[in-house]
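A.B. asks: Questions regarding the structure given below will be posed in turn.
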Amino acid sequence: MINISYNNKELEDLILRGQSTDKLYKKLSRNKRFMFDLNKVMGILHSVSKISELYDLKSLHYEPLKYNLSGFSSVRIGYTSKYRLMFIEQEGGISIELINISEHYGDK
């Protein structure tokens, strides 16, 4: 099981309580499909024993990010969503620190 920590209080509120005061997260919290997909992704993150297992789950589009986002990784939230959950991998792939939810540059 992966250890998950939060770098962002607003993101933690969205994931754990389904609400947030952040403008984007508040908007997303009202989208039932998005929240369902976010909870599904979090369930998957909690169920894998190491990050490398995410490569096998093609629907997540797991990827270590490049260029100005080097050092971060992301997974897609939902099959048709333009949002991704960004995180930092720690301790050999058994611990992650959730950073934020952002719009994926390829889905405008």
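None of the figures in this text is laboratory data; all of them are computed from the coordinates on show. Note that this is a predicted model, so its numbers are computed, not measured. Quick reminder, even Gly has a Cβ in these numbers, built from the backbone with ideal geometry, and neighbours come from all protein chains shown.
A.B. asks: Filter the cross-link list Lys26/Lys66; Lys58/Lys82; Lys23/Lys50 down to pairs whose alpha-carbon distance in this structure exceeds 25 Å.
C.D. replies: Lys26/Lys66; Lys23/Lys50
A.B. asks: Once every DSSP H run of n ≥ 4 in the chain is given -39500 (n - 2.57) and the sum is divided by its residues, what mean residue ellipticity at 222 nm do you get, rounded to the nearest 500 deg cm²/dmol?
C.D. replies: -9000 deg cm²/dmol
A.B. asks: In whole Hz, with x marking every Gly and Pro, tabulate ³J(HN,Hα) for the range 29-44 from phi via Karplus 6.51 cos²θ - 1.76 cosθ + 1.60, θ = phi - 60°.
C.D. replies: 5, 7, 8, 4, 5, 4, 5, 4, 5, 4, 5, 5, 4, 5, x, 5
A.B. asks: Which value, in debye to the nearest 20, describes the size of the charge dipole of the chain about its Cα centre when Lys and Arg Cβ atoms bear +1, Asp and Glu Cβ atoms bear -1, and nothing else is charged?
C.D. replies: 600 debye
A.B. asks: Amide H of Ser95: which non-local residues (sequence gap of 5 or more, or other chain) have their own amide H closer than 5 Å, using H built in the peptide plane?
C.D. replies: Asn3, Gln90
A.B. asks: Tell me, what ³J(HN,Hα) does each residue in the range 19-24 have, in order and in whole Hz, if you take phi through Karplus 6.51 cos²θ - 1.76 cosθ + 1.60 with θ = phi - 60° and put x for Gly and Pro?
C.D. replies: Working through the residues one at a time gives 8, 6, 9, 5, 4, 5 Hz.
A.B. asks: Residue by residue through the range 88-100, which ³J(HN,Hα) values in whole Hz follow from phi under the Karplus form 6.51 cos²θ - 1.76 cosθ + 1.60 (θ = phi - 60°), with glycine and proline marked x?
C.D. replies: Karplus-based 3J(HN,Hα) across the range 88-100 equals 10, 7, 9, 6, x, x, 10, 9, 10, 10, 6, 9, 6 Hz.
A.B. asks: Still on this model: Return the long-range amide H neighbours of Val48 (sequence gap of 5 or more, or a different chain), with a cut-off of under 5 Å between placed amide H atoms.
C.D. replies: Long-range HN contacts for Val48: Ile2.
A.B. asks: Among (i) 9.8; (ii) 6.1; (iii) 6.5, find the value of mean projected area of the Cα convex hull in nm² that was calculated from the structure presented, and write down its label.
C.D. replies: Recomputing mean projected area of the Cα convex hull in nm² here gives the entry labelled (iii).
A.B. asks: Could I ask something else about it? Under 14 Å between alpha carbons, and skipping anything fewer than 8 positions from Lys9 in its own chain: which aspartates and glutamates qualify?
C.D. replies: Straight-line reach from Lys9, under 14 Å: Asp22, Glu97.
A.B. asks: Taking amide H positions as placed 1.01 Å from N in the peptide plane, with prolines and chain starts having none, which residues 5 or more places from Tyr62, or on another chain, fall under 5 Å of its amide H?
C.D. replies: Amide H neighbours of Tyr62, under 5 Å, 5+ apart: Arg76.
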